[in-house]
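Read through the structure below, which is laid out as structure tokens, and then see the notes.
Read-outs throughout are calculated quantities, based only on the coordinates presented, and are distinct from any laboratory measurement. Just so we're clear, the structure is a prediction, and the values are computed from it rather than from any experiment. Quick reminder, even Gly has a Cβ in these numbers, built from the backbone with ideal geometry, and neighbours come from all protein chains shown.
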Amino acid sequence: MTIIKFPHRKNEPAFLSDIEKDGYHIYNLNNAKTPGYYPPELPEYPGVKVKDLRLDDVITIRVFFGIGKGKNMRIDGGYVDVRIEHIDHNEILAVIMTKLPKGFSLETGSSIEIYEEEMLYKAEITGH
């Protein structure tokens, strides 16, 4: 997981308000086009189109979590796999498959709403 520390208020990421409110922020391909929105070392992702989804597909998203409180809070993030459980036009509900540490604001087995611009990869199912 990527750990990001921002010692001064002016250096905090733009998505910190999501983390302070919800405890997490899902990486967004549209926001990534804004210079400085995310750390520059993050790669470019291909994305996934809603029209290419089917129920039970496994999608990878990137999530940032707030660890700790106040000025000592740091941001920890990594890839999370979700299984698509509902698709209705652009409304997508998915269940978290990745085992996440205790204390994170999302849990394995929880359902979350995701958007097309948050989907980074679609798992390729092989015959093995």
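At a glance:
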{"quantity": "Extension gain, D88 back to T34 (0.36 nm per residue minus Cα-Cα distance, nm)", "calculated": "16.6 nm"}
{"quantity": "Unit charges on C-beta of K, R, D, E only; dipole of the range 19-74, Debye", "calculated": "220"}
{"quantity": "Highest-MSF residue in the chain out of K49, K99, K71 [GNM, Cα springs under 10 Å]", "calculated": "K71"}
{"quantity": "Among L53, L42, L16: highest mean-square fluctuation, GNM of the chain, C-alpha pairs under 10 Å", "calculated": "L42"}
{"quantity": "Dipole of the range 51-108, positive direction: furthest Cα of L53, G70, I84, with charges on the beta-carbon", "calculated": "G70"}
{"quantity": "For the chain, Kirkwood radius (reciprocal of mean inverse C-alpha pair distance, Å)", "calculated": "15.4"}
{"quantity": "Within the chain: Cβ-based charge dipole about Cα centre, in debye rounded to nearest 20 (Lys, Arg +1; Asp, Glu -1)", "calculated": "680"}
{"quantity": "Structure-based [θ]222 nm, the chain - -39500 (n - 2.57) summed over DSSP H runs of at least 4, per residue, nearest 500", "calculated": "-1500 deg cm²/dmol"}
